[in-house]
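Chemist: Submitted below is the structure of interest, expressed as structure tokens.
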Amino acid sequence: ILLVDDEPLNRDMLARRLERKGFTVQPVASGREALEQIAREEFDLVLLDSMMPEMSGLQTLKRIREQSCSSSLPVIMVTAVTDSASVVEALENGANDYVNNTVDFPVALVRIRNHLARRQAEQVLRESEERYALAMQGANDGLWDWDFRTGQVYYSPRWKSMLGLAENEASATPEEWLSRVHPEDKAALLALLEAVRAGDRPILETEHRLEHRDGGYVWVLARGV
């Protein structure tokens, strides 16, 4: 945790209490020092005093948000009880939360832990999405994802390129696929799709022909669950 407060007594007291709860705390006395620390090392969360000389908490927050979004680096503002206008402005400029500097420490602790847990969950999700994207590239398959609730279909860039299409040449509709199916293959494919959609079959797996952009047909193996 990066703790930013220009008042030595407040800064040291809060740092000690957080350290006793198992956190590693880096205390700094100004917004400028905070920005320098963030440039040098990675932090999981910033506790930022709203009222500081030279560079205010809000100015510091704006500079932080130029480099890091709210999910990658949560910022909790520490503000006075009556400073509601500053709280609103800070939230509008990317603060994740706020605590009053007179609030009970257990309340602040819960908010800190909640934001750290959310950040960790979002990191796991980003890693999963990156892993999925790499798997897509490595497999070299054309992927599709049909949302039955909305009727929208996602077609991956590889799916489009297999049919000679550019990225912006395919609509996100089932007809983009089904209208290209060879007339001799269409009835069987539609029957299989309906069976999977109704839950009568767990897996879709079928070979059929799709019309290429050049007017010819290519054989494809379509799989789905």
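The values are calculated or read from the model by the stated rules, or taken from the named source; none is laboratory data. Computed from a prediction, not measured in an experiment: that's the story for all the values here. Every residue, glycine among them, receives a Cβ derived from its backbone with ideal geometry; neighbour counts consider all protein chains shown. Note: areas computed on protein heavy atoms with side chains; ligands, DNA, RNA excluded. Shrake-Rupley method; radii C 1.70, N 1.55, O 1.52, S 1.80 Å.
Chemist: Given contacts defined as C-alpha pairs under 8 Å and at least six residues apart, what's the relative contact order of the chain, whole-number percent?
Modeler: 11 percent
Chemist: Also: Considering only DSSP beta bridges with both partners in segment 49-175, what is the antiparallel share in %, to the nearest 5?
Modeler: 45 percent
Chemist: What are the residues whose amide H is under 5 Å from the amide H of residue 101, where those residues sit 5 or more places off or on another chain and H is modelled from the backbone?
Modeler: Amide H neighbours of residue 101, under 5 Å, 5+ apart: 79, 80, 81.
Chemist: Compute the signed sum of charges (Lys and Arg +1, Asp and Glu -1) over the other residues within less than 15 Å, Cβ to Cβ, of residue 173.
Modeler: Summing Lys/Arg as +1 and Asp/Glu as -1 gives -2.
Chemist: Let me ask something additional. Given H placed 1.01 Å from N in the peptide plane, which residues other than close sequence neighbours of residue 75 have an amide H under 5 Å from its amide H?
Modeler: When sequence neighbours closer than 5 places are left aside, the close amide H contacts are 46, 96, 97.
Chemist: Once the other residues with Cβ under 13 Å from the Cβ of residue 27 are scored (Lys, Arg +1; Asp, Glu -1), what is the net sum?
Modeler: Combined, the nearby Lys, Arg, Asp and Glu give -4.
Chemist: While we're looking at this one, here's another question. Per residue of segment 166-177, what does 6.51 cos²θ - 1.76 cosθ + 1.60 with θ = phi - 60° give for ³J(HN,Hα)? Whole Hz please, x for Gly and Pro, Karplus curve as stated.
Modeler: With coefficients 6.51, -1.76 and 1.60, one gets 7, 4, 9, 9, 10, 7, 8, 10, x, 5, 4, 8 Hz.
Chemist: State in Å² the accessible area per residue of the chain; use a 1.4 Å probe, count heavy atoms of protein chains only, and round to the nearest integer.
Modeler: 60 Å²
Chemist: Could you give the angle, 0 to 90 degrees to the nearest 10, between helix 57-67's Cα long axis and the longest principal axis of the Cα atoms of the chain?
Modeler: Once rounded, one gets 30 degrees.
Chemist: Could you work out how far helix 31-40 tilts from the main Cα principal axis of the chain, as a 0 to 90 degree angle to the nearest 10?
Modeler: On a 0 to 90 degree scale, this one is about 50.
Chemist: Considering Cα pairs under 8 angstrom that are at least six residues apart, work out the relative contact order of segment 132-189 and quote it in whole percent.
Modeler: Here the relative contact order equals 24 percent.
Chemist: Still on this structure, I have one more. Residues with amide H under 5 Å of residue 217's amide H, sequence separation 5 or more or different chain, H placed in the peptide plane at 1.01 Å from N; which?
Modeler: 212
Chemist: Note down the magnitude of the dipole of segment 19-148 about its Cα centre, charges +1 on Lys and Arg C-beta and -1 on Asp and Glu C-beta and zero elsewhere, to the nearest 20 debye.
Modeler: Charge dipole, segment 19-148, about its Cα centre: 360 debye, nearest 20.
Chemist: Return the carbon/sulfur percentage of the accessible area of segment 78-225, one whole number, probe 1.4 Å, all protein chains in place.
Modeler: Exposed carbon and sulfur together represent 51 percent of the surface.
Chemist: Taking the Cα centre of each part, how many Å lie between segment 124-178 and segment 50-69?
Modeler: So the separation of the two Cα centres works out to 40 Å.
Chemist: Across segment 203-210, in residue order, what do the Karplus-derived ³J(HN,Hα) couplings come to in whole Hz, using 6.51 cos²θ - 1.76 cosθ + 1.60 with θ = phi - 60° and x for Gly and Pro?
Modeler: Each residue's phi maps through the Karplus curve to give 9, 9, 8, 7, 9, 7, 9, 10 Hz.
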